[in-house]
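A short write-up of the structure that comes next.
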Amino acid sequence: MVFSIVGGGLFFSAAQAGPWVTGYLPGWEQDGMAASNIDFTTITHVVHFSLTPQSDGSLDIGANDLSPSKCANLVAVAHAAGAKAIICVGGAGTETVFQEATTTANLPAFVSNLVSFVNLYGYDGLDIDWEPFLSTDTNQYTNLVYALRSAPGFPATKLLTIAAPAYPSFDDSPTAEFTMFASMQDKLDQINVMTYDLSGPYGGWVTWFNSPIYDGGYTFPSAPGELVPSVQGAINNFTGNGVTPSKLGVGLPFYGYIWTGGPGVTQPRQSWPATNPPSVTTPSYSEIMSGYYQTNHYHWDTNAQAAYLSITNTPAANDMFISYDDPRACECKVSYVRNRGLGGVMIWELAQDYVPGQPAPLVQALKTALSAPGQVSLVKSNNDASLAFNGIALGSYRVEWSSNLLGGLWNTLLITNVPAAAGLLKVTDYGVFTNQPLRFYRVQSPP
């Protein structure tokens with residue numbers, strides 16, 4: 001954002017563009033959360049979930065409770081709000097049908113059916129959710145992407161997005177997924193990384209967060225040197241193997257993990273005997289807040305940058321460790337995306353934050369974070385210039401000045417960071433008007 005001061009007056013000049021906010025809306029949720037309830041002042045792209053591939057290349061529209069009326073309605077509502085509507089194909093457990101639909105014999109029909117569906121309802125593009133992905137699928141996955149990009153009726157103006165696994169499947173190639181996406185990233189508009197489901201009650205594991213930003217340097221007790229999963233670890237794997245940061249989106253889960261059972265677990269980084277593991281369930285954010293949240297249960301893990309609830313019960317097997325993304329976590333992830341120069345964020349899924357007649361807290365947190373630094377106040381006092389603006393958790397801001405708005409060089413006055421909670425940031429440029437009657441300022445995020 002650029003501001004100028006002349007004789008004590010403040011003049012707005014320009015604003016920065018923000019990252020994408022892509023949110024999924026499943027067909028089965030659409031009866032309870034209509035497309036008209038999506039906050040399109042925050043959501044830039046809505047992904048309609050989901051068509052299911054069939055082995056012969058045809059499409060099942062009803063498996064996830066889509067219907068012609070739901071498809072037409074979502075597209076119309078999104079377009080009326082100036083947002084993009086994308087149809088998804090796939091979902092968890094669809095690897096086998098993707099393999100069959102993308103054989104040499106079936107691929108042309110599969111691509112033709114997908115393109116026809118996109119155009120029939122006026123979607124702005126297609127999202128591929130091939131889960132799980134194994135390195136043996138690389139050639140067929142690549143062939144699908146290239147065939148779509150060269151298909152008649154699917155011009156470059158149509159979006160092609162991907163829901164990408166955060167980490168390789170167990171015992172699969174450690175790099176195949178990342179190098180594959182790097183090799184065809186010019187064909188893709190968004191590579192949204194599913195940076196959630198990053199833990200579970202697996203052998204040799206510990207209690208851990210669903211979607212922490214950082215690993216905090218913590219390694220598995222059963223595998224010294226192996227860091228626990230995190231958003232940072234996943235993103236580093238993509239960028240380290242050649243994916244351009246601006247192509248990547250960070251996944252935001254609007255649901256959490258409830259760990260319970262076993263010997264009793266209430267904290268992250270707890271182990272359990274192999275004969276008595278805990279179990280995990282996955283409630284929505286709304287269910288967590290209505291059924292489990294109390295202020296005395298709430299904790300924030302600074303090393304992981306993640307929220308959790310710690311609940312002690314009797315007997316201990318009824319204890320609970322609840323990992324979830326709260327408004328602060330959403331703000332932190334927006335800061336992380338900006339600080340790393342990533343493309344945006346992706347939400348699974350919008351209805352999990354929705355209660356009829358009430359604001360959606362996590363979407364509202366994203367709105368607040370994306371608007372930061374927001375309105376900047378600029379006051380001239382004697383020969384000093386004082387600026388104030390709102391920062392968000394983990395945010396980084398560069399305050400710059402120039403004596404010539406048209407073609408002048410920008411100089412750094414200060415780089416300021418918000419290490420913890422959001423707050424008002426104040427910056428003073430002392431003595432600036434002693435010899436300069438005119439000075440321009442801008443606040444940029446990230447620096």
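None of the figures in this text is laboratory data; all of them are computed from the coordinates on show. As the structure is a computational prediction, the values presented were derived from the model and not from experiment. A quick note on method: Cβ atoms are made from the backbone with ideal geometry, for glycine too, and the neighbour counts reach across all protein chains shown.
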Mind jotting down the distance between the C-alpha centroids of region 194-257 and region 62-100, whole Å?
-> 28 Å
Gain on full stretching of the segment that runs from Glu226 to Asn143 - 0.36 nm per residue minus C-alpha separation = 26.5 nm
Lysines with Cα under 25 Å of Lys367, excluding same-chain neighbours fewer than 8 positions away | Lys84, Lys247, Lys333, Lys426
HN-Hα J couplings of region 153-159 from phi, Karplus 6.51/-1.76/1.60, θ = phi - 60°, integer Hz, Gly and Pro as x?
-> x, 10, x, 4, 6, 6, 7
Residues Lys187 and Ala72, FRET efficiency given R0 of 25 Å [Cβ-Cβ distance, rounded to 0.05] = 0.35
Between Ser173 and Asp65, the two model label points (7 Å from Cα along the beta-carbon direction) sit apart by a distance in nm of 3.8 nm
Two decimals is fine: what is log10 I(q)/I(0) at q = 0.11, 0.21 Å⁻¹ for region 75-210, from a Debye sum with one equal scatterer on every Cα and no solvent?
-> -0.44, -1.33
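Quote the convex hull volume per residue of region 240-367, based on C-alpha atoms, as a whole number of Å³. Walk me through the numbers before you get to the answer.
Details: hull volume 16.8 nm³, N = 128.
It comes to 131 Å³ per residue, whole-number rounded.
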Rounded to 0.05, the calculated FRET efficiency for the beta carbons of Ser150 and Ile311 at R₀ = 41 Å is 0.15
How large is ³J(HN,Hα), in whole Hz, for each residue of region 238-254 in order, when computed from phi with the Karplus curve 6.51 cos²θ - 1.76 cosθ + 1.60 and θ = phi - 60°, using x for Gly and Pro?
-> 5, 5, x, 9, x, 7, 5, x, 5, 7, 9, x, 8, x, 10, x, 8
Would you mind computing, in nm to one decimal, how far apart the modelled labels at Ser381 and Met289 are, each placed 7 Å from Cα along Cα→Cβ?
-> 3.8 nm
For region 158-316, just run the numbers: alpha carbon Rg, then divide by 2.2 N^0.38 Å, N being how many residues it has.
-> 1.14
Please give the length that would be gained between Ser116 and Asn318 if that part of the chain were fully extended, namely 0.36 nm times their separation in residues minus their C-alpha to C-alpha distance (nm, one decimal).
-> 67.6 nm
Treat region 332-376 as a sphere of radius equal to its Kirkwood radius over Cα pairs and apply Stokes-Einstein at 37 °C in a medium of 0.692 mPa s; give the translational diffusion coefficient in µm²/s, rounded to a whole number.
-> 277 µm²/s
Viscosity 1.567 mPa s, 4 °C: Kirkwood-radius Stokes-Einstein D of region 165-227 over Cα pairs, µm²/s = 94 µm²/s
Zone of Trp28's modelled label, taken as backbone nitrogen in region 38-70 under 12 Å from a point 7 Å along Cα→Cβ | 50, 63-66
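Rounded, prolate or oblate: which fits the chain when a ≥ b ≥ c are the square roots of the eigenvalues of the alpha-carbon gyration tensor, with rounded for a/c under 1.5 and prolate only if a/b beats b/c? Mind dumping the intermediate values first?
Values: a/c = 1.82, a/b = 1.28, b/c = 1.42.
Note, shape of the chain comes out oblate.
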Expressed in angstrom and rounded, the centroid-to-centroid distance over alpha carbons for region 301-336 and region 144-174 is 32 Å
If each residue's Cβ is checked for other Cβ atoms within 10 Å, how do Tyr292, Tyr308, Tyr430 rank with the fewest at the top?
-> Tyr430, Tyr292, Tyr308
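Would you mind calculating the relative contact order of the chain from Cα pairs under 8 angstrom and at least 6 residues apart, reporting the percent as a whole number? Walk me through the numbers before you get to the answer.
Working: 981 pairs, mean separation 63.2, N = 447.
Across the chain, relative contact order equals 14 percent.
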